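To start, the structure itself, in structure tokens.
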């Protein structure tokens, strides 16, 4: 059953993590993949993650907000890695260089079309797909294993998906297994 939240955003972080952790424990990979740019979601996940589950945190690339600036807190990165988890800082798989071309020359570019199509389901859904591509490209998840990915609509987490990752050069091989939770404007009353 899909859990539909009445609102998007940070208010759903703990519920999303609870749902995602429960499902990740059922997978063979025992991996939970989450997006966290400023550390709020990563901190919550670190507080909740049980023994036996590997946490992979995917952050914005350095310079996302301003040149040479890493939004993710260094102390939290250290605590996560000391506990055996991974923090992966990388360029967004569904924008990166194309965003620079759009800003400079205008126009529409393929990766941004894919990102917008995924946003039709939800911003957090797009983030789940994107961080799975980024983690696969870094070799942090395998393309033949099911993992649980969590993303959000701005701050915090509000979407969790079971998926089989793909490398970004094989985007269309990524498989969605199940949507666990997400915000929805249509919630049965």
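The values are calculated or read from the model by the stated rules, or taken from the named source; none is laboratory data. All values derive from a computational prediction rather than experimental measurement. FYI the Cβ positions are ideal-geometry reconstructions off the backbone, even for glycines, and counts take in every protein chain you see.
Just one residue in the set 13, 86, 27, 59 is under 13 Å from the mean Cα position of the chain (by Cα), at pLDDT 95 or above and either under 23 Å from residue 159 (Cα atoms) or surrounded by 19 or more Cβ atoms within 10 Å (Cβ to Cβ) (or both); that residue is 13. Residue check: residue 77 meets all listed conditions (1) in contact with a helix residue (DSSP H, G or I) (Cβ under 7 Å, 6 or more places away or on another chain); (2) part of a helix (DSSP H, G or I) but one, namely (1).
Tally up the residues in region 38-51 that are surrounded by fewer than 20 Cβ atoms within 10 Å (Cβ to Cβ) and either modelled with pLDDT under 95 or within 13 Å of the chain's Cα centre (by Cα) (or both), please. So the answer is 2. Among the residues making up region 139-182, those that are assigned to a loop (DSSP other than H, G, I, E, B) and closer than 18 Å to residue 30 by Cα are 139, 140, 141, 142, 143, 144, 145, 146, 165, 166. Among residues of region 77-99 that are in contact (Cβ under 8 Å) with a residue 40 or more places away in the chain, those with a Cβ under 8 angstrom from a residue that is surrounded by fewer than 19 Cβ atoms within 10 Å (Cβ to Cβ) and in a strand (DSSP E or B), sequence gap 6+ or separate chain, pair up as 86/54.
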